[in-house]
Every structure is written in C-alpha cells, then in structure tokens.
Amino acid sequence: GGETWEPVLTVSKDTGVTDVEFEPGNPDILYAAAYQRRRSVAAFMAGGPESGIYKSMDGGKTWRKLEVGLPRGHMGKIGLAVSPVEPAIVYATIEAGEKERGFYRSTDRGESWEKRNGLIAGGTGPHYYQELVPHPTVMDRVFMMDVYMRVTDDGGKTWREVGEKWKHVDNHALVVLPDD
C-alpha cells in the first residue's frame, strides 16, 4: 500500500523513470519510460543513450528494454500511454534527435513500434510536457499536453490544437469524462 518501497527498475545514477503505465485490466503488464538526465550548476545533460522504454510482464519484478521500431539514437524524454479501448495499443511521444523524434504507436503491446508523426510537445524540447491522455472510449483519440494542448483522432498521424478560448495555455494534466 505504499508504506515500503524497493527499486525494481534501476538503470544508472543519471537515469530514472519518468513515466509508468499499466495495461488496463492487467496490472502485471507495465511500461516504463527511462530518462537519462543530469543537471548541475555547470552543465545540463538531457537524453543520453540510457533513455528508453522498458516492459514488465510480471508486475515489475523483471524488465526488458523495447527496441523494435524505436529510435536508435539518444531518445530523451518519453511519454507513454496505453489505450483503454484496446490495451494492445501503446502510444509514446519521444524527444530523440531531429529525424527520429515524434509520436510512435505499437499495436502489439510494445513489441514493435511505428513512427506516426514528427510532433513532440514543447516544440524543440518537452522539458515540462510529454503527458499523453488516451480517450477512455474513442479508439485512437489521444490528447498531448503542451503549451497548446493537441489531439489526434487517427492514432497520431495528424494533430490539431484543442483550443484555449476559455482558459490560459500551459497544459499539464487532463481528465476525460467518458460520457461528456
């Protein structure tokens, strides 16, 4: 219940986990985004070779790094989400280098990935963003938190801004009510 903790996914002293998602209906299947980052007075390193997506099939006891279809270079900050409509679909937004960065989708529980679009939150760097929110009942509708929140209805191929008419920009969280 959270009273005691033990590390189950440790990469290095410079790499931590920034996002963990589980498969709806099966909490033994977990996905984790590792982010290699170190900030000091003299330097800022963001996104080294240790960044990546990991998967556990046993509730976090063991982990393996996913690689098929994902960027080969430094991945940077990664946001993850699992579709509540079809749990075999996993989404990722990956900072990476200019040619590899973008929105990725897996249709086989993370075993292989397809780049759908070059869009990432924050324009050139998602330091405060990378949160993905899949719609609870509409297949392939995913919201991306950003200065101006975006949404896709085709699994990340195309995106549009949601609109900020009645609120200030700078989106970090979203709750979607399935019936509204």
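The values are calculated or read from the model by the stated rules, or taken from the named source; none is laboratory data. Just so we're clear, the structure is a prediction, and the values are computed from it rather than from any experiment. As a convention, Cβ positions derive from the backbone with ideal geometry for all residues, glycine included, and neighbour counts pool all protein chains shown. Only protein heavy atoms, including side chains, enter the accessible area calculation; ligands, DNA and RNA are left aside. Shrake-Rupley method; radii C 1.70, N 1.55, O 1.52, S 1.80 Å.
Of the set (1) closer than 27 Å to Pro136 by Cα; (2) surrounded by fewer than 17 Cβ atoms within 10 Å (Cβ to Cβ), all apply to Ser40 but (1).
Just wondering, is there one or more residues in region 119-135 that are in contact with a strand residue (DSSP E or B) (Cβ under 9 Å, 6 or more places away or on another chain), more than 29 Å from Met57 (Cβ to Cβ) and at pLDDT 90 or above? Yes, that holds for at least one residue. In region 43-62, the qualifying residues are those that are in a loop (DSSP other than H, G, I, E, B) and surrounded by 20 or more Cβ atoms within 10 Å (Cβ to Cβ), and the one that is modelled with the highest pLDDT is Ser51. Of the residues Arg109, Arg116, Arg105, the single one that is under 25 Å from Ser56 (Cβ atoms) and under 12 Å from the mean Cα position of the chain (by Cα) is Arg105. Restricting attention to region 26-36, the residues that are surrounded by fewer than 19 Cβ atoms within 10 Å (Cβ to Cβ) and either under 14 Å from Glu131 (Cα atoms) or touching a strand residue (DSSP E or B) at 6+ places or on another chain (Cβ under 9 Å) (or both) add up to 1. Could you go through region 69-76 and let me know if any residue there is among the aliphatic types (A, V, I, L, M) and under 11 Å from the mean Cα position of the chain (by Cα). Within region 69-76, none of the residues are among the aliphatic types (A, V, I, L, M) and under 11 Å from the mean Cα position of the chain (by Cα).
Is it true that Glu164 is modelled with pLDDT of 95 or more, more than 19 Å from Lys77 (Cα to Cα) and not hydrophobic (A, V, I, L, M, F, W, C)? Answer is no for this residue. Scanning region 134-171 for residues that are open to solvent by 30 Å² or more (accessible area, probe 1.4 Å), outside any strand (DSSP E or B) and either closer than 23 Å to Glu100 by Cβ or among the charged types (D, E, K, R) (or both) yields Arg141, Val147, Asp153, Asp154, Lys157, Thr158, Trp159, Glu164, Lys165, Lys167, Asp170.
Quick one: in region 1-25, which of the residues that are among the charged types (D, E, K, R) and in contact with a Leu (Cβ under 6 Å, 6 or more places away or on another chain) is most open to solvent (accessible area, probe 1.4 Å)?
The extreme case among them is Glu21.
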